[in-house]
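The values are calculated or read from the model by the stated rules, or taken from the named source; none is laboratory data. All figures in this text were calculated on a predicted structure; none of them were measured in a lab. Please note: Cβ atoms are built from the backbone with ideal geometry, for glycine as well, and neighbour counts cover all protein chains shown.
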Amino acid sequence: MTPDQYCQQKTSQSGSSFYYSFLFLPPVKRQAITAVYTFCREADDIVDECLDPSTAETKLNWWRGEITNLFANKPSHPVSHALTDALKTFDLHKEYFDEIIDGMQMDLHVTHYQTFNDLLLYCHRAAGVVGLLATEIFGYQNKDTLKFAENLGIAFQLTNIIRDIKEDALRGRVYLPLEDLDKFNVNAEDFQLPNTKDTVKQLIQFQIERAKDYYTKAFKYLPAEDRHKQRSAVIMSSIYKTILTEIEKDDFRIMEHRIKLTPLRKFWIAWKTARREKKHFR
């Protein structure tokens with residue numbers, strides 16, 4: 001199996017919404033963003049699958065060293081070899097990869113966030129910088145597009161946090177700011193109950209509005225001249241915003257079940273958005 005085949009297999013098997021947006025990219029860009037996504041998946045899987053925090057820390061530190069080796073043209077992992085090709089074509093900054101690892105290490109050491117500003121640092125590291133890497137691959141002319149990417153990444157991360165509240169709580173992590181829980185009279189233990197309390201529903205509604213604000217803010221920064229190049233990001237936003245819509249339609253019952261879109265529906269949203277963007281570009 002070649003490094004690119006490894007990345008392609010890991011991306012397609014993940015079931016991620018991102019996979020469907022990559023399908024509409026030209027081959028060189030698709031190879032690069034798939035390699036970046038697979039790196040993120042490798043780091044994230046360490047945190048989610050390693051039961052021993054010290055083992056997870058060791059593995060993340062190995063990846064930090066591997067990124068250093070990658071930029072010294074001495075890669076050893078299949079993902080790093082795939083990233084080597086991407087580095088030859090695109091301006092992918094080493095500090096972005098380091099920040100992604102910083103974000104994963106926060107998952108090992110931080111289980112609660114007191115304020116939204118505290119959470120924003122995590123969102124920046126876990127998703128904002130991924131957006132910046134993606135923007136370098138997708139291409140841009142106007143620097144405002146970088147602000148689009150950063151804010152869109154935060155919107156994606158907030159969406160993930162809302163969708164995965166119960167799953168994360170069962171792992172001992174509560175990402176929603178404690179100041180927000182206090183505001184709505186919610187306890188962290190409420191996220192592990194079999195039914196969604198009305199106070200939790202009100203809290204989730206508030207969080208969804210916040211996420212929507214970040215989607216709106218992001219698109220205010222997207223210049224017309226860069227929209228076509230950023231169409232994969234636009235596709236991703238359509239899929240992710242649909243998750244929020246489905247949670248709303250389900251009356252915010254996140255304790256009862258996790259909202260998921262079928263692969264067919266993700267592809268349909270991706271195709272429909274790509275078609276709309278193509279017409280818009282013409």
Residue match in segment 40-55 (condition: surrounded by 13 or more Cβ atoms within 10 Å (Cβ to Cβ), within 20 Å of T135 (Cβ to Cβ) and modelled with pLDDT of 95 or more): no
Close pairs from segment 77-102: first under 11 Å from I137 (Cα atoms), partner among the charged types (D, E, K, R) and assigned to a helix (DSSP H, G or I), Cβ under 9 Å, at least 6 apart: T89/K29; F90/K29; F90/E136; D91/E136; L92/E136
Helices (runs of 4 or more DSSP H) wholly inside segment 211-282 that include at least 2 residues being surrounded by 16 or more Cβ atoms within 10 Å (Cβ to Cβ) and not acidic (D, E): 231-249, 263-281
Those helices (runs of 4 or more DSSP H) lying entirely in segment 1-62 with at least 1 residues in contact (Cβ under 8 Å) with a residue 24 or more places away in the chain and of a type in the set (D, E): 3-14, 27-49
The listed residue being surrounded by 15 or more Cβ atoms within 10 Å (Cβ to Cβ), in contact with a Pro (Cβ under 8 Å, 6 or more places away or on another chain), not aliphatic (A, V, I, L, M) and not assigned by TED's automatic domain parsing to the domain that holds T2, out of T84, T145: T145
Scan of segment 181-193 for residues that are loosely packed, with under 15 Cβ neighbours inside 10 Å and either within 12 Å of I254 (Cβ to Cβ) or of a type in the set (D, E) (or both), ordered by number: D182, E189, Q192, L193
Condition check for K229: within 20 Å of the chain's Cα centre (by Cα), on the phi < 0 side of the Ramachandran plot and of a type outside the set (A, V, I, L, M, F, W, C): yes
Check on L92, assigned by TED's automatic domain parsing to the domain that holds Q13 and more than 21 Å from the chain's Cα centre (by Cα): no
Identity of the residue in segment 87-142, of a type in the set (D, E) and over 24 Å from Q230 (Cβ atoms), that ends up surrounded by the fewest Cβ atoms within 10 Å (Cβ to Cβ): D118
